[in-house]
Amino acid sequence: MELIPAITPQELALVDAKQLPPQAKVIVNLIGIEDAWTLLSDRGGKEITVPLGERTGAYLHQLLPESSAAALIKRFAGMRLTLPKTDKIVIQIRNHRIYQAKAHGATTTHLARRYQLTKRSIILICTRMNAGNLF
């Protein structure tokens, strides 16, 4: 699932890590949501082997800032991990967009068509977010 327009850093900052799968939570808490998004967007759903040491040629160093790559290597060195997909992050951001659009006057029917959801789903998303369950 991909959102258009592309997800922004401001939207990523809204993501509640507590609502993510366990391994995604660990990664977000370790390297932050933006770097986790970069990693999971590139490798989510795939198995990776985390390098044993600080090899600067490793894909983690090519993909992430030095500090994030080092944090992942320190925590998971030599381990094989199946990285979670970005679905749960995308759903949170989608729901926030739906809520914001509804608050600015978009109709339930329009939002249901735009996001390929039922009108009932749109109503439930907005009701939950109104109740304080942001995602």
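Being among the charged types (D, E, K, R) and either open to solvent by 80 Å² or more (accessible area, probe 1.4 Å) or over 25 Å from GLN19 (Cα atoms) (or both) is the filter here, so list the residues in the range 33-56 that pass it. Give the steps one after another, and end with the answer.
Narrowing the range 33-56 to residues among the charged types (D, E, K, R): 34-35, 42-43, 46-47, 54-55.
The answer is GLU34, LYS46, GLU47, GLU54, ARG55.
Working only within the range 97-135, note down all residues that are open to solvent by 40 Å² or more (accessible area, probe 1.4 Å) and under 13 Å from GLN19 (Cβ atoms).
Selection gives ARG128, ASN133, LEU134, PHE135.
Does the range 57-73 contain at least one residue that is open to solvent by less than 90 Å² (accessible area, probe 1.4 Å), acidic (Asp, Glu) and either closer than 19 Å to VAL28 by Cα or not in a helix (DSSP H, G or I) (or both)?
No.
Of the conditions (1) crowded, with 18+ Cβ neighbours inside 10 Å; (2) closer than 21 Å to ARG128 by Cα; (3) small (Gly, Ala, Ser), ALA24 satisfies every one except a single condition; which number is it?
Only one criterion in (1) crowded, with 18+ Cβ neighbours inside 10 Å; (2) closer than 21 Å to ARG128 by Cα; (3) small (Gly, Ala, Ser) is unmet by ALA24, namely (2).
Yes/no matrix, rows are residues, columns are (1) over 20 Å from the mean Cα position of the chain (by Cα); (2) part of a helix (DSSP H, G or I); (3) of a type in the set (Ser, Thr, Tyr); (4) within 26 Å of THR127 (Cβ to Cβ):
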site	(1), (2), (3), (4)
ILE7	no, no, no, yes
GLN10	no, yes, no, yes
THR38	no, yes, yes, no
GLY53	yes, no, no, no
ARG75	yes, yes, no, no
PRO84	no, no, no, no
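Quick one: how many residues across the range 70-96 are under 15 Å from GLN23 (Cβ atoms) and polar (S, T, N, Q)?
The qualifying residues number 2.
The values are calculated or read from the model by the stated rules, or taken from the named source; none is laboratory data. Predicted, not measured: the structure shown is a model, and the values here were computed from it. Using ideal geometry, Cβ is built from the backbone for each residue, glycine included, and neighbour counts are taken over all protein chains shown. Calculation scope for accessible area: heavy atoms of the full protein, side chains included, ligands and nucleic acids excluded. Shrake-Rupley method; radii C 1.70, N 1.55, O 1.52, S 1.80 Å.
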